[in-house]
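Student: This is the structure I have questions about; it appears just below.
The values are calculated or read from the model by the stated rules, or taken from the named source; none is laboratory data. Here the structure is a predicted model, which is why all the values come from computation and not from measurement. Here Cβ is always computed from backbone atoms with ideal geometry, including for glycine, and neighbour counts include all displayed protein chains. Only protein heavy atoms, including side chains, enter the accessible area calculation; ligands, DNA and RNA are left aside. Shrake-Rupley method; radii C 1.70, N 1.55, O 1.52, S 1.80 Å.
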Amino acid sequence: MAKTFTMDADWLCFDPSPSKPGFVPPPGAVDAHCHVFGPGEQFPYAPERKYTPCDAGRDQLYALRDHLGFSRNVVVQATAHGTDNRAMIDALVHSHDRARGVASVAPDISDDELARMHEAGVRGVRFNYVKRLADPKPDAYYRRIIEKIAKLGWHVVIYFEAPDLAEKWDFFTSLPTTVVVDHMGRPDVTKSVDGPEFGLFLRFMEENPNVWSKVTCPERLSRSGPPSYDDVVAFAQRVIERFPDRVLWGTDWPHPNLSMVGHMPDDGALVNMIPRIAPNEEHQHRLLVANPMRLYWPE
Ligand code: 0GY
């Protein structure tokens with residue numbers, strides 16, 4: 001009999017009826033950071049997971065894509081599924097080539113398995129350094145993975161919190177692939193955008209032209225709160241202005257682990273932030289279309 005999963009008691013589920021955004025994304029826009037969860041009966045959550053979410057499947061993700069006016073998705077493997085990428089890959093193969101994926105893999109993964117993932121649309125792997133989500137692993141663990149994926153032309157997505165950057169600097173700056181940082185390295189937005197903490201992140205991007213950033217997750221970073229998340233705007237603006245060719249945007253649907261933040265965002269309001277963080281149309285086009293297309297659907 002199928003195993004049933006009980007969602008964490010304090011779990012916040014995604015908004016089932018987000019507003020229609022006033023901002024209309026340019027044709028071909030890509031939501032470059034989102035996840036699928038299960039359904040757990042079909043794609044069981046990993047035994048080593050740190051949370052049990054509500055199911056949030058591909059059909060719901062693709063309905064949201066259409067509702068928000070987007071064309072494509074990048075589905076990032078969530079830690080609740082560990083290194084079992086079946087739910088994410090199932091989403092890719094049912095996307096009519098409108099989704100690419102970022103997987104979580106272990107160093108003993110075979111070249112055949114990686115080739116199958118590539119065929120399905122996977123183009124990167126994610127290394128998660130956020131301690132509440134994943135147990136820390138030595139650099140050598142990740143280097144073995146990089147040796148295998150670099151030959152496929154894949155990139156590495158790294159998820160860390162601002163204080164981790166100094167500690168992992170040597171390793172992160174040694175990575176030979178394109179490196180995409182989740183959520184601007186999770187800055188503390190109560191500090192100054194001109195201060196040393198965010199300064200180190202900007203230096204990381206400045207000195208390493210292979211490093212990109214997702215200007216995502218105001219709902220996670222903000223202390224001023226919804227729906228305008230005013231305190232995050234200057235941080236995202238700064239990254240877009242300085243590195244317009246190396247930024248990506250995404251919803252982060254279905255927004256894991258927001259009970260600690262205390263609210264679930266309206267995805268329409270998140271889309272409405274785009275013209276505030278990228279006021280000119282040229283930057284909007286690079287952020288939403290040109291950059292993700294170059295990374296995930298190159299000619
Ligand atoms: C995010 C953020 C979170 C979770 C995960 O893979 C995950 O479980 O990424 C988080 O809790 O900060 O990017 O979705």
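Student: Placing +1 on the Cβ of each Lys and Arg and -1 on the Cβ of each Asp and Glu in the chain, which of M7, C54, L287 has its Cα farthest towards the positive end of the resulting dipole?
Tutor: L287
Student: For the pairs K131/K214; K50/K151; K137/K191; K20/K131; K20/K191; K151/K214, note any where the Cα-Cα span goes beyond 27 Å. Intermediate results must be reported in sequence, preceding the final value.
Tutor: Working: K131/K214 20 Å; K50/K151 32 Å; K137/K191 29 Å; K20/K131 35 Å; K20/K191 32 Å; K151/K214 24 Å.
Flagged as over cut-off: K50/K151; K137/K191; K20/K131; K20/K191.
Student: About the Cα centre of the stretch 229-299, how large is the charge dipole given +1 on each Lys and Arg Cβ and -1 on each Asp and Glu Cβ? Please answer in debye to the nearest 20.
Tutor: On the way: 6 positive and 10 negative charges, 46 e Å.
With Lys and Arg at +1 and Asp and Glu at -1, about 220 debye.
Student: How many nm is it between the label spots at E197 and D111, if each spot is 7 Å from the Cα in line with the beta carbon?
Tutor: If labels sit at E197 and D111, their model points lie 4.5 nm apart.
Student: How do 274-284, 67-77, 9-19, 182-192 rank on mean C-beta neighbours within 10 Å, highest first? Present the calculation step by step, with values, prior to reporting the outcome.
Tutor: Values: 274-284: 16.5, 67-77: 22.6, 9-19: 14.1, 182-192: 19.6.
With the highest mean Cβ count within 10 Å placed first, the list reads 67-77, 182-192, 274-284, 9-19.
Student: A follow-up question, please. Considering only protein heavy atoms and a probe of 1.4 Å, how much of the accessible area of the stretch 169-299 is carbon and sulfur, as a whole percent? Numbers along the way, then the final one.
Tutor: Values: 2380 of 4840 Å².
Carbon and sulfur together cover 49 percent of it.
Student: Mind giving me the FRET efficiency for A290 and H118? R0 is 22 Å, r the Cβ-Cβ distance, nearest 0.05 is fine.
Tutor: After rounding, the FRET efficiency stands at 0.45.
Student: Could you go through the stretch 82-88 in sequence order and give the Karplus-derived ³J(HN,Hα) for each residue, using 6.51 cos²θ - 1.76 cosθ + 1.60 with θ = phi - 60°, rounded to whole Hz, and x for Gly and Pro?
Tutor: Result, rounded to whole Hz: x, 9, 8, 8, 4, 5, 5.
Student: While we're on this one: Using Cβ-Cβ distances only, list the Cys residues of the chain with no partner cysteine under 4.7 Å, sorted by number.
Tutor: C34, C217
Student: Calculate, for the stretch 30-296, the solvent-accessible area per residue in square angstrom, rolling a 1.4 angstrom probe over the heavy atoms of the protein chains.
Tutor: Working: 10080 Å² over 267 residues.
Here the residues of the stretch 30-296 average 38 Å² of exposed surface.
Student: Going 7 Å from the Cα of R223 in the Cα-to-Cβ direction, what parts of the stretch 192-214 have a backbone nitrogen less than 17 Å from that spot?
Tutor: Only 192-199 fall inside the zone, counting backbone N under 17 Å.
Student: What's the magnitude of the charge dipole for the stretch 99-233 around its Cα centre, counting Lys and Arg as +1 and Asp and Glu as -1 at the beta-carbon? Answer in Debye, nearest 20. Don't jump to the answer; show the numbers that get you there.
Tutor: Working: 18 positive and 21 negative charges, 55 e Å.
My answer is approximately 260 debye.
Student: Still on this model: Put +1 on the Cβ of every Lys and Arg and -1 on every Asp and Glu Cβ in the stretch 30-296; which of M260, I109, L152 then has its Cα farthest towards the positive end of the dipole?
Tutor: Positive-end residue among those listed: L152.
Student: Further question: About its Cα centre, what dipole magnitude does the stretch 30-296 give when the only charges are +1 on Lys and Arg Cβ and -1 on Asp and Glu Cβ, stated in debye to the nearest 20?
Tutor: Working: 31 positive and 37 negative charges, 48 e Å.
Computed about the Cα centre, the dipole is about 240 debye.
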